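Working notes for the structure below.
The values are calculated or read from the model by the stated rules, or taken from the named source; none is laboratory data. This structure is a prediction, so every number in the text was calculated from the model and none was measured. A quick note on method: Cβ atoms are made from the backbone with ideal geometry, for glycine too, and the neighbour counts reach across all protein chains shown. Keep in mind that these areas ignore ligands, DNA and RNA; they rest on the heavy atoms of the full protein, side chains included. Shrake-Rupley method; radii C 1.70, N 1.55, O 1.52, S 1.80 Å.
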Amino acid sequence: MGIDINRVRKDFPILGRDINGKPIIYFDNACQTLRPTQVINKINEYYNEYPACVGRSNHKLGERAAKEVSEARKRVSKFFNVKESEIIFTRNTTEGINLISHAFKLNGGESVLISDKEHNSNLIPWLMLRKKRINVKFFRFGDLEDFQDKIDSTVKLVSTAHVSNMDGTSQQIEKIAKISHDHNAFVLVDAAQSAPHKQIDLKKLGADAVSCSGHKMLGPSGTGILYLSEKSMGNMDLFMTGGETVVNSTYDDVVFEKMPHRYEAGLQNYAGIIGLGEAVEYLKKIGMNNIESHERKLNEIITKGLESEIGKGIQLLGDAKPESRSGIFSFNLSGMTYHEVSLLLDKTSNIMIRSGQHCVHSWFNANKIDGSARASLYLYNTEEEAKTFVESVKKLSSFGK
């Protein structure tokens, strides 16, 4: 059926706001999405109606809060088709990856294999392990042959992005997971840029762990999701410990909780978790396949509208085919820096995009590219906005010449 874009946009009041007589065009969704009123109201509901502790307070407010957090976990688990006990709430994708990097049992001389196009959140935690004599190896993003060449008996963990936040290109995670498991390697996936934009069945995906962020999928900031398969627990130590992670303790010993609570130390962001559950429900009602199709259509409009300039005044990062770049259009203009492009689009057309290295400094440095301007699309963006973006970039491109 597709997306009823006019109805959807009513759920995001900020999109109806004008600045200098022009409406806002928000094309910075790969960084952070907007939030619908349903999510904002759900967060306020917690603070207004049951602002209590979960798992600690045996009274009506605490029971209501616990029920709502449990419902949020149930919604997330159904959204990804996994068990509730396999869903750990975190602050963001970064925390989920760090949890695995600290808790997964690795020995000196063993290796971690990652791609050459990873966000700093999936690069730095592994580089830090070099202090423990853990090797970090790299394969070319999206190149299965190179991946097969690089994986060997020393590789105990593979960690890679599903979709690149820099250019929107994707990888065949199911095949990467199978090859990895054939080599007895654990698989962690950074799904920050895929979970909000396409249907993901984690059972079919085949990874042992998957991390994503709530703030990139209509949820509150400071919320994240880590899927950790129960069968992987034998490979895992603890990460952060303290309140809520234990069943009992003495001065000499401790009995830890089972999954997922053993990895959710301390008082959690209950309002955020409850809001995240509402965000997942919103996405479910819209339909992830509808979202993916809608973004592809918008990217096709942008790419086709600018194709006469691509390779000339416009340098496009990533695959030339828009369907291969999800909802991302990452580019540079001749005669203009990426920050100038971003600032001018904001000042002249109220078009908000991202500019810089997108936390993928390593790839930009290796390829001797300073950075890029990045437009990223989502379910509430319209064809008219895409066309406005095309015309605005064309004007800047002619000005740069």
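Scanning region 4-14 for residues that are open to solvent by less than 70 Å² (accessible area, probe 1.4 Å) and at pLDDT below 95 gives a single hit, Ile14.
Within region 120-135, track down each residue that is farther than 18 Å from Ala177 by Cα and either open to solvent by less than 50 Å² (accessible area, probe 1.4 Å) or touching a Ser or Thr at 6+ places or on another chain (Cβ under 7 Å) (or both). Of everything in region 120-135, those that are farther than 18 Å from Ala177 by Cα and either open to solvent by less than 50 Å² (accessible area, probe 1.4 Å) or touching a Ser or Thr at 6+ places or on another chain (Cβ under 7 Å) (or both) turn out to be Asn120, Ser121, Leu123, Pro125, Trp126, Leu129, Ile134, Asn135. Among residues of region 376-391 that are surrounded by 22 or more Cβ atoms within 10 Å (Cβ to Cβ), those with a Cβ under 6 angstrom from a residue that is of a type in the set (Lys, Arg) and modelled with pLDDT of 95 or more, sequence gap 6+ or separate chain, pair up as Tyr380/Arg9. Comparison of Lys175, Lys216, Lys198 shows that the only residue that is open to solvent by 60 Å² or more (accessible area, probe 1.4 Å) and either under 22 Å from Trp363 (Cα atoms) or not hydroxyl-bearing (Ser, Thr, Tyr) (or both) is Lys175.
Note on region 269-295: residues that are touching a residue at least 24 places away in the same chain (Cβ under 8 Å), over 18 Å from the mean Cα position of the chain (by Cα) and either under 21 Å from Leu377 (Cα atoms) or open to solvent by less than 40 Å² (accessible area, probe 1.4 Å) (or both) amount to 7.
Among the residues of region 303-320, the one identified as among the hydroxyl-bearing types (Ser, Thr, Tyr) and touching a residue at least 24 places away in the same chain (Cβ under 8 Å) is Thr303.
One residue is enough: does region 21-39 have a residue meeting the conditions on the phi > 0 side of the Ramachandran plot, of a type outside the set (Ser, Thr, Tyr) and either open to solvent by 30 Å² or more (accessible area, probe 1.4 Å) or at pLDDT below 95 (or both)? Looking through region 21-39, at least one residue is on the phi > 0 side of the Ramachandran plot, of a type outside the set (Ser, Thr, Tyr) and either open to solvent by 30 Å² or more (accessible area, probe 1.4 Å) or at pLDDT below 95 (or both). Taking the listed residues Glu340, Glu323, the one that is without any contact (Cβ under 8 Å) to a residue 40 or more places away in the chain, surrounded by fewer than 20 Cβ atoms within 10 Å (Cβ to Cβ), over 24 Å from Ile5 (Cβ atoms) and of a type in the set (D, E, K, R) is Glu340, with no other qualifying.
Let's see how each residue does on (1) assigned to a strand (DSSP E or B); (2) farther than 30 Å from Phe27 by Cβ; (3) open to solvent by less than 20 Å² (accessible area, probe 1.4 Å); (4) β-branched (Val, Ile, Thr):
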| site | (1), (2), (3), (4) |
| --- | --- |
| Lys137 | yes, yes, no, no |
| Glu145 | no, yes, no, no |
| Asp149 | no, yes, no, no |
| Lys156 | yes, yes, no, no |
| Ser159 | yes, no, yes, no |
| Asp167 | no, no, yes, no |
| Ile179 | no, yes, no, yes |
| Leu188 | yes, no, yes, no |
